[in-house]
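The block underneath contains the structure these notes are about, expressed in C-alpha cells.
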Amino acid sequence: MNSLVLLIMVVVVFAFGYRFYSKLLKLGVFRLGEDYSTPSPDRPAEAESGVFGRHLLFGHHVASLAAGAAITGGITSLIWGWVPAFLWAVVGTVVAAGTYGLGALWLSLHYPGRNPAEIAARLLGAPAHGLFALVAFLLLLIMNSVCATLAAQLLSAFPASVLPFWIVTALALPLGNFLRGREDFEIIPASLIALALSLMVVWLLGDYPLSFTGALHLETAESYFPFDATVVWVMLLFSYGYYVTRLPMWKLMRPRGYLTALLLGTSLLIFFTVVMIDQPSLVAPEFHSGPGIPDTLPWLFVTLTSGAVAGFHLLVANAVTVRQMKREADARYIGYGGALALGLLALSAIIIGSTGLPNVQDWNQRYTSWETFMDLHAVPELYINGFARHAAGLGLDMEFARSLMAVVVIGLLVATLEAGLRAQKQLLSGLTERYPAFIPGNEKALIATAVGLSALLALHDGHGRGGLALWPLFGVTDQFLAILGFALLAVALRHLERPVAAVIVPLVFLLVAANWGLGVLMMQWWSDNRWILLLLAILLITTELGVTFLTLNALKSPRPPQT
C-alpha cells in the first residue's frame, strides 16, 4: 500500500468531518454562541487575566494534549496491522475524539471556574464529586510521572536536543509578554520570527550535545540511591513544573506550548511533503497476529487513545484552555480541530512505523511480541529516528532532523506535564473547599502537593521510572475518564433538551471496550500476583458502577442544570 493513499484518505475524511459533522455538533447539538466566556467570580485565584486569540489557544491546546500518547499509541497499535490502527485513528478521531474535544470545552464554558469533579457533583449529585476526582487524580498521577520519565529518557538518549530544548523554553518568555492580549492577525509576525529563531537554535546548537553518564551513589547502612541521568532529569523537570505552575499561564506555559506546536506543525509539514514526493510503501501487513500478541479487540481501542479519544482531554480543556477563550463558538475550532490535529500526528506515527523497516521480515521481527514495547521510551525513539530518515530524503541533514523531532517530542511531553500539574492543582483546590481540615488551601502548598505526589511516583524506584509500573493501567483509566466525560455531556444535554445521540453512541462503545479490556487485564494480574494493579482496577470498576448509577438516575429524571 502506498502511504500517500492513506494521507489522501485522511485529508478527505477529516475535511468532511470538520466541514459537516463538527458544524452539526455546533448548531444542532451544543448550539454554540458567539458570547464571551468569563471565569467564575468566586474563584479569582484561578482566573487568568485577559483573553487570547484562538490560534494561540489552539496551538497550546494541541501541544498539551499530544504528549507521547498519539505517537506511542500509533506505533504500538501497528502490532495488529496497519488497517485496524488506521481505521480506528480516522473513525475514532472524527466521530468520538472530535465530539469529546468540542464537548469538553462547551461543558467547561457552561460551568466556568469549576473543575470536572465539581461539574459532576452539580449534574449527577454530590457523591459524583469524589468518584470523578478519584479517577481523574489517578490518571494525572500516572500521566505526569510517565511524561517526566519519558522526557528525561529522551533528553538522555538525544543529547543534541538538550540545549535547543531549554533555549526554546527561554525564548517563550519574551514571546509570552508580546502575545498577551494580541489579536489573531497580530501574532503572525511574532510567531514566524519565534519559529525561525527556534529552528536556528536547533540547527546551531545541535552540534553541542549535553549529556552526563555514570551514577552518584548516596550510600546508607542498608541501601543506596543512584543519581543516574534519568533521575536527575526527572528531578529537574518536576522543579521546572513547580516553577511554571506558580506562574500565570500567559508568561511561560502557554507561549512555550504554542511554540512547540509551531515546531510540530513544521515537522509534520516536512514529513507529509516527503510522503507526497517519495510515496513510501507500507511494509507492515494489513493484519497481524501471533502467539505473543493480544487480541485486536479490545486492545486496539485501549492502546491508541490520543489520536482517537482520550479522557484526559476534558481535564486539559477545563484546567488550561477554556480559561482564556474569547468566544464559545471557538470551541469548534479549538476542540474539534485540535482532535483532528492529533489524528494527523497519529497518522504520521502509523506511517513511520509501517515504513521505517526495509521489508516485511524485519518488520515481523520487530513486532513479534507485545513484550517488545514494554520498554516504552524505545517507541518515541523509533518515531524520532524514523522521521529523521524520511526527512533526509527531502535533503535535510539527518542529525538536524533528528534533533528537531527530539525537541518537539520532549516539548510535547513537557507541555502535557505542565497541563497535568495545573489540573492536579485545580482538583486539589476543589477538594480544599470540601475538606479544609485535611487539604491545605494555600496555593503554594497545593502546587507542592501536586508536584510532590507525581515526583514521588516517578522516583520511588530509585531510577526515575517508577510511574511505568502503573502504565498498563493508564489506557483503561484514560478510557474510563472518557466514559465519565461523555456521561456528563449526555446529562447536560438532556437537561437542556438537546439531542444526545452524538455522545451516547461513543459512550456505549467505550463502556464495552474499556470494561472488556480491564476484565482481561484483571485476570492477567490475578494470575501474575500483581495485587496493586488489581486493587486499583477494582477501584476503577467500583467508581464506574457508581457513576453509571448516578448517570442513569439523572437521565431518567431530568432537572434544570445548576449553574
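Couple of notes before you dig in:
- Listed peptides 235-247, 173-185, 478-490 by packing density, highest first (mean Cβ within 10 Å): 478-490, 235-247, 173-185
- Estimated vicinal HN-Hα couplings, Hz - region 392-400 in sequence order (Karplus 6.51, -1.76, 1.60; Gly, Pro = x): 4, x, 8, x, 6, 5, 5, 5, 5
- In the chain, helical runs assigned H by DSSP with n ≥ 4 each contribute -39500 (n - 2.57); averaged across all residues and rounded to the nearest 500, the mean residue ellipticity at 222 nm is -22000 deg cm²/dmol.
- Cα lying deepest toward the dipole's positive end in region 321-411, options VAL407, ALA392, ASN364, charges on Cβ: VAL407
- Reachable lysines from LYS425, criterion Cα separation under 23 angstrom, eight or more residues apart if same chain: LYS251, LYS444
- Label-point separation, MET374 to VAL512 (7 Å along Cα→Cβ), nm: 3.2 nm
- Estimated dipole of the chain in Debye, rounded to 20 [Cβ of Lys and Arg +1, of Asp and Glu -1, Cα centre]: 1600 debye
- Here the accessible area is traced with a 1.4 Å probe on the protein chains. For the chain, carbon and sulfur cover 66 percent of it.
- Region 1-17 versus region 62-95: alpha-carbon centroid distance in Å: 14 Å
- Peptides 76-89, 451-464, 9-22 ranked from most to least packed by the mean count of surrounding Cβ atoms within 10 Å: 76-89, 451-464, 9-22.
- Partner lysines for LYS26 [C-alpha distance under 22 Å; skip if fewer than 8 residues away on the same chain]: LYS326
- Positive minus negative residues near ALA392 (Lys, Arg vs Asp, Glu; Cβ under 12 Å): -1
- Taking 0.36 nm per residue of separation and subtracting the current Cα-Cα distance, fully stretching the chain between ALA15 and THR542 would add 185.7 nm.
- Backbone N under 17 Å from the ASN359 label point (7 Å along Cα→Cβ), restricted to region 381-399: none
- Relative contact order (percent, whole number), the chain, Cα cutoff 8 Å, 6+ residue spacing: 32 percent
- The distance from the alpha carbon centre of region 107-179 to that of region 372-431 is 15 Å, rounded to a whole number.
- With a cut-off of 10 Å between beta carbons, the residues surrounding GLY176 carry a summed charge of +4, where Lys and Arg count +1 and Asp and Glu -1.
- Rounded FRET efficiency, nearest 0.05, which uses the C-beta distance separating LEU297 from LEU555 and R0 of 25 Å: 0.35
- Measuring r between the beta carbons of THR266 and ILE8 and using R0 = 30 Å, the FRET efficiency lands at 0.90.
- Most to least packed among 413-419, 187-193 [average Cβ atoms within 10 Å]: 413-419, 187-193
- Gyration tensor (alpha-carbon) shape descriptor, region 362-485, a/c threshold 1.5: prolate
- Mean-position separation - Cα centroids, region 458-512 and region 235-260, in angstrom: 26 Å
- Approximate spin-label separation VAL91-MET1, in nm, with each point projected 7 Å along Cα-to-Cβ: 1.3 nm
The values are calculated or read from the model by the stated rules, or taken from the named source; none is laboratory data. The structure presented is a predicted model; accordingly, all values stated were derived computationally and were not measured. Please note: Cβ atoms are built from the backbone with ideal geometry, for glycine as well, and neighbour counts cover all protein chains shown. All accessible areas refer to the heavy atoms of the entire protein, side chains included, with ligands and DNA or RNA removed. Shrake-Rupley method; radii C 1.70, N 1.55, O 1.52, S 1.80 Å.
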